[in-house]
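Okay, here's the structure, questions in a sec.
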Amino acid sequence: MKIFIVIPFRNEEKHIGLVVKGVMKYKLPVVLVDDGSTDNSESKIKD
């Protein structure tokens, strides 16, 4: 069995960076699912 962390988000540019950094400590693959964000959420993830 494979375990992943799945994070759905929409317009979370202010918080998505902290959320991703927070789950990295678990050393599991992370899957981010953008549900049509209209802000800069995607660019914040790439930072």
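The values are calculated or read from the model by the stated rules, or taken from the named source; none is laboratory data. Please read these numbers as outputs of a predicted model, since none were measured by experiment. Glycine gets a Cβ as well: all are built from the backbone with ideal geometry, and neighbour counts include every protein chain shown.
Between residues in the range 27-40 that are within 14 Å of Gly17 (Cα to Cα) and residues that are assigned to a loop (DSSP other than H, G, I, E, B) and acidic (Asp, Glu), which pairs lie under 7 Å by C-beta distance while being six or more apart or on different chains?
Asp39/Glu13; Asn40/Glu13
Further, regarding this structure: Is it the case, given these coordinates, that Asp35 is touching a Phe, Trp or Tyr at 6+ places or on another chain (Cβ under 9 Å) and of a type in the set (Asp, Glu)?
It is true that Asp35 is touching a Phe, Trp or Tyr at 6+ places or on another chain (Cβ under 9 Å) and of a type in the set (Asp, Glu).
Residue by residue, here is whether (1) in a helix (DSSP H, G or I); (2) touching a Cys at 6+ places or on another chain (Cβ under 6 Å); (3) surrounded by fewer than 10 Cβ atoms within 10 Å (Cβ to Cβ); (4) at pLDDT 95 or above holds:
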position: Lys2; (1), (2), (3), (4): no, no, yes, yes
position: Ile7; (1), (2), (3), (4): no, no, no, yes
position: Asn11; (1), (2), (3), (4): no, no, no, yes
position: Gly17; (1), (2), (3), (4): yes, no, no, no
position: Val23; (1), (2), (3), (4): yes, no, no, yes
position: Val33; (1), (2), (3), (4): no, no, yes, yes
position: Asp39; (1), (2), (3), (4): no, no, no, yes
position: Glu42; (1), (2), (3), (4): yes, no, no, no
position: Ile45; (1), (2), (3), (4): yes, no, no, no
